[in-house]
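Notes follow the structure.
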Amino acid sequence: MLGVLSNPSYAGTYVFGRYQSCKQVGPTGEIQTQLRRMPQDEWRVVIPDHHASYISCDRFLTNREHLAANRTNSEVIPGPA
């Protein structure tokens, strides 16, 4: 459920480039792939009002701020609401 709430498509916005993959060769020669979340200003494509939304863009941004403030696994622990 949290993945849906943090996805901009929930607010009708199409985006591409939220994640970037990095491939590295490990010490034993295997290829390791890591996904890295990109900051919003570095997303490659952002098309607001691309499709029907469940909530407004403003409400989505407010919800995202609330979710970030309620995180308990970050360096600074503000605690749940």
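The values are calculated or read from the model by the stated rules, or taken from the named source; none is laboratory data. Owing to the predicted nature of the structure, the values given are computational and were not obtained by experimental measurement. So basically every Cβ, Gly included, is an ideal-geometry build from the backbone, and we count neighbours across all protein chains shown. When the accessible area is computed, the model is the full protein with side chains, heavy atoms only, and any ligands, DNA or RNA have been set aside. Shrake-Rupley method; radii C 1.70, N 1.55, O 1.52, S 1.80 Å.
So the values come out like this:
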{"read-out": "For the chain: relative contact order, % (alpha-carbon pairs under 8 angstrom, 6 or more apart)", "value": "32 percent"}
{"read-out": "Chain lengthening between Arg71 and Thr28 when straightened (0.36 nm per residue, less Cα-Cα)", "value": "11.9 nm"}
{"read-out": "Accessible carbon and sulfur surface of the chain relative to its total accessible area, %, 1.4 Å", "value": "54 percent"}
{"read-out": "Solvent exposure of the stretch 1-76 as accessible area per residue, Å², 1.4 Å probe", "value": "80 Å²"}
{"read-out": "Point-charge dipole on Cβ atoms (K/R +1, D/E -1) for the chain, about Cα centre, debye to 20", "value": "140 debye"}
{"read-out": "Residue-by-residue Karplus 3J(HN,Hα) for the stretch 20-37, coefficients 6.51, -1.76, 1.60, Hz, glycine and proline x", "value": "10, 9, 10, 10, 9, 8, x, x, 9, x, 7, 8, 10, 10, 10, 9, 10, 6"}
{"read-out": "Cα convex hull volume per residue for the chain (Å³)", "value": "141 Å³"}
{"read-out": "Ratio of Rg to Rh over the stretch 11-57 (Cα coordinates, Kirkwood Rh, two decimals)", "value": "1.23"}
{"read-out": "Projected label distance in nm at Asp41 and Val15, using a 7 Å step from Cα toward the beta-carbon", "value": "1.5 nm"}
{"read-out": "Charge-dipole axis of the chain as Lys and Arg at +1 and Asp and Glu at -1 on Cβ define it, positive-most pick from Thr72, Gly26, Trp43", "value": "Gly26"}
